[in-house]
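The values are calculated or read from the model by the stated rules, or taken from the named source; none is laboratory data. Bear in mind the structure is a predicted one, so any value in this text is a computation, not a measurement. When we count neighbours, we look across all protein chains shown, and the Cβ atoms used for this are built from the backbone with ideal geometry, even at glycine.
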Amino acid sequence: MTTTLDAPPLDPLLDDIVRTHRPQRESGTVPTHIPSLAAVPFNRFGIAVATVSGEVFTSGDAYVPFSIQSISKVFTLAMALQREGPVSVWSRVLREPSGTAFNSLVQLEVEHGIPRNPFINAGALVVTDHLMKETQDAASALLRFLTEEAGGPGPFIDEAAALTELSNSSRNLALAHFLKDFGNLRQSAESVVENYVRQCSIMMTCEEVAKAALFLARGGIGASGTVLSRSEAKRIGSIMLTCGMYDAAGEFAYRVGLPGKSGVGGGIVVIVPGHCAICVWSPRLDAKGNSLAGSAALADLSDRTGWSVF
Ligand code: GLN
């Protein structure tokens, strides 16, 4: 780490990041299988930095709720590790970059139903299946976790969005049926996918996501105590770095140099270990399903601050 949090001053820096990266014209895409995401204005842009010392810096649309989508996968992995322990989780999902799209079916059949990592859809379905062992309503358990870590009642499940995604979930159902056929799903394929899309449909602001992810920057210590051990928190960061952006993980590591996780709602959360958690949100996506303006802003922020794990 080459720079401390107080140099350069964060408030004007974040304001400048918003001025520079807020989209001026419509470019990029929105996912076709989640109709609710198409309605979000293209020029939304928010950023929040939550520091390990408890400060929060925000700019732009940092207090506008957005659909966290696959950012949820970081938190469900943490919950599964917390509840079931690493041996149980890692016997059913690997920790290798996939190099394929987040919802690809190809690898899963070739590799006999063991997903490459917990941050692609197949892996997240297995993690959801783990959580459902304890409670059938794993999405509500995730919501409680996020509400506690974010420190307020803000996060909520957009049930209407979840229902429309569910009716467009043939691909996720196909993944779940593959997993079931290979003996890597305990619950029914339908119930796991239903829970999974409700997790993805959680609405949070940049400020809330940054605060909720802070335990990963703080060696596993969350809002009210230990979430995970220091080494488990480090390992989640490692998986974010290698797998958090799907088939753009290498490019993101090159540009930003920080562990990150994106969602097709346009949010990206990144961790600066020992310093802060950052969430940026802008809804239009690149061809790999990652926020166009968000990725550019994080590359710029890490260049200007020196925040990087390298
Ligand atoms: N709910 C989305 C899906 O399953 C999440 C994908 C994502 O954010 N990359 O397709």
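Quick grid of which residues meet (1) more than 26 Å from Pro23 (Cβ to Cβ); (2) surrounded by 20 or more Cβ atoms within 10 Å (Cβ to Cβ); (3) modelled with pLDDT under 95; (4) not polar (S, T, N, Q):
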position	(1), (2), (3), (4)
Val227	yes, yes, no, yes
Ser231	yes, no, no, no
Arg235	yes, no, no, yes
Ser238	yes, no, no, no
Pro259	no, yes, no, yes
Gly263	no, yes, no, yes
Cys279	no, yes, no, yes
Ser282	no, yes, no, no
Ala293	no, yes, no, yes
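Report, by residue number, each residue of the stretch 40-55 that is more than 16 Å from the ligand (Cβ to nearest atom) and within 22 Å of Val18 (Cβ to Cβ).
The answer is Pro41, Phe42, Asn43, Arg44, Phe45, Gly46, Ile47, Ala48, Val49, Ala50, Thr51, Glu55.
Quick one: which of Pro8, Pro23 is surrounded by fewer than 21 Cβ atoms within 10 Å (Cβ to Cβ) and modelled with pLDDT of 95 or more?
Of Pro8, Pro23, the one residue that is surrounded by fewer than 21 Cβ atoms within 10 Å (Cβ to Cβ) and modelled with pLDDT of 95 or more is Pro23.
How do the pairs read when you match residues in the stretch 24-47 that are under 16 Å from Asp286 (Cβ atoms) and of a type in the set (S, T, N, Q) with residues anywhere that are modelled with pLDDT of 95 or more and within 13 Å of the ligand (Cβ to nearest atom), using Cβ under 7 Å and keeping only pairs 6 or more apart or on different chains?
Matching pairs, first to second residue: Thr29/Leu285.
So which residues in the stretch 26-52 are modelled with pLDDT of 95 or more and over 27 Å from Ala160 (Cβ atoms), if there are any at all?
Ile47, Val49, Ala50, Thr51, Val52
For the condition at pLDDT below 95 and not acidic (Asp, Glu), what is the one hit in Gly152, Gly219, Gly244?
Gly152
Counting only residues that are within 22 Å of Leu146 (Cβ to Cβ), more than 16 Å from the ligand (Cβ to nearest atom) and in contact (Cβ under 8 Å) with a residue 60 or more places away in the chain, give me the helices (runs of 4 or more DSSP H) lying completely in the stretch 205-310 with at least 2 of them.
In the stretch 205-310, the matching helices (runs of 4 or more DSSP H) lie at 206-212, 214-217, 230-243.
Residues that are surrounded by fewer than 18 Cβ atoms within 10 Å (Cβ to Cβ), more than 16 Å from the ligand (Cβ to nearest atom) and assigned to a strand (DSSP E or B): does the stretch 171-182 have at least one?
No, every residue in the stretch 171-182 fails to be surrounded by fewer than 18 Cβ atoms within 10 Å (Cβ to Cβ), more than 16 Å from the ligand (Cβ to nearest atom) and assigned to a strand (DSSP E or B).
Looking only at the stretch 183-204, which residues are in contact (Cβ under 8 Å) with a residue 40 or more places away in the chain, part of a helix (DSSP H, G or I) and touching a Ser or Thr at 6+ places or on another chain (Cβ under 7 Å)?
Result: Val192, Val193, Asn195, Tyr196, Gln199, Cys200.
When you check Thr76 against the structure, is it away from the ligand (no atom under 16 Å from the Cβ) and of a type in the set (Ser, Thr, Tyr), yes or no?
No; evaluated as a whole, the condition is false for this residue.
Looking at the stretch 118-138, which of the residues that are touching a Phe, Trp or Tyr at 6+ places or on another chain (Cβ under 8 Å) and among the small types (Gly, Ala, Ser) is surrounded by the fewest Cβ atoms within 10 Å (Cβ to Cβ)?
Among those residues, the one meeting the criterion is Ala124.
For Ser70, indicate whether it is closer than 22 Å to Leu241 by Cβ, touching a Cys at 6+ places or on another chain (Cβ under 8 Å) and within 16 Å of the ligand (Cβ to nearest atom).
Against the criterion (closer than 22 Å to Leu241 by Cβ, touching a Cys at 6+ places or on another chain (Cβ under 8 Å) and within 16 Å of the ligand (Cβ to nearest atom)), Ser70 qualifies.
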